[in-house]
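Asker: Following this message is one structure expressed as C-alpha cells.
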Amino acid sequence: MSFKNPNEEIRDVWCISEEEKQRILDFFQGAVYCWCKNRMGEHFSLQILMGGENFFWEGTPLIKLYEAKKGTADPVKEAAKCAGWLLKRVLADDKRVFDSGIEGLTKSYWCVDLKNTP
C-alpha cells in the first residue's frame with residue numbers, strides 16, 4: 001500500500017464490470033501521473049481532477065459510473081463516491097507514497113515520495 005497513513009480504507013466498487021472498472025483505474029492513473037509531474041507538491045482531490053470544469057464525464061470511462069447510478073436519488077453524488085473509491089485504489093497501488101487530509105468537505109491527496117516520480 002502506498003499511503004503514508006496505513007489506516008486508509010480502500011473499498012471496491014461493484015456497480016460496473018471489471019473491464020469498465022479497469023478502464024477507470026487506467027484513466028485515473030494517467031490523471032495522477034500527470035498531476036504529480038506538472039503540479040509537484042500540490043494537493044489534489046477527485047473534485048479537482050474530475051469535477052468543476054471537468055464535471056461532464058461523457059466521453060470518458062467515468063460515464064459508466066453515472067449510468068450505473070442513474071436509478072438512485074442522486075446519481076451524480078453516488079457516482080462520485082464510487083469514483084473516489086477507485087481513485088483511492090489507484091493511489092494505494094502506485095509506487096509512490098501519498099498522504100491525505102480533509103480540506104473543507106473534500107478529501108485531498110499529495111505525493112510525499114517524489115523520488116519515485118517518473
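Read-outs throughout are calculated quantities, based only on the coordinates presented, and are distinct from any laboratory measurement. Just so we're clear, the structure is a prediction, and the values are computed from it rather than from any experiment. Cβ: placed from backbone, ideal geometry, glycine included. Neighbour counts: every protein chain shown.
Asker: With θ set to phi - 60° and the Karplus curve 6.51 cos²θ - 1.76 cosθ + 1.60, what are the ³J(HN,Hα) couplings of region 49-57 in order, to the nearest whole Hz, using x for Gly and Pro?
Answerer: So the J values, rounded to whole Hz, are 6, 10, x, x, 5, 9, 5, 7, 7.
Asker: What full-extension length gain, to one decimal in nm, is calculated for residue 99 and residue 60 as 0.36 nm per residue of separation minus the Cα-Cα distance?
Answerer: Working: separation 39, 0.36 × 39 = 14.04 nm, distance 2.68 nm.
Roughly 11.4 nm would be gained on extension.
Asker: For an R0 of 30 angstrom, estimate the FRET efficiency from the Cβ-Cβ distance between residue 85 and residue 40 and round to the nearest 0.05. Write down the numbers at each step before the final one.
Answerer: Numbers: r = 25 Å, r/R0 = 0.85.
With a Förster radius of 30 Å, E is 0.75.
Asker: Using the 2.2 N^0.38 Å rule of thumb for compact globular proteins, work out how the chain stacks up: its C-alpha Rg over that value, please. Present the calculation step by step, with values, prior to reporting the outcome.
Answerer: On the way: Rg = 13.9 Å, N = 118, 2.2 N^0.38 = 13.5 Å.
Ratio of Rg to 2.2 N^0.38 Å for the chain: 1.03.
Asker: OK, next. Under 5 Å between amide hydrogens, which residues at least 5 positions from residue 94 or on another chain qualify, with H placed 1.01 Å from N in the peptide plane?
Answerer: Residues meeting the amide H criterion: 2.
Asker: Now a separate question. Please give the calculated 222 nm ellipticity per residue for the chain, where each DSSP H segment of at least 4 residues contributes -39500 (n - 2.57) and the sum is spread over every residue; nearest 500 deg cm²/dmol? Don't skip to the end; give the middle numbers.
Answerer: Working: 4 runs with 51 residues, N = 118.
Value at 222 nm, helices only, nearest 500: -13500 deg cm²/dmol.
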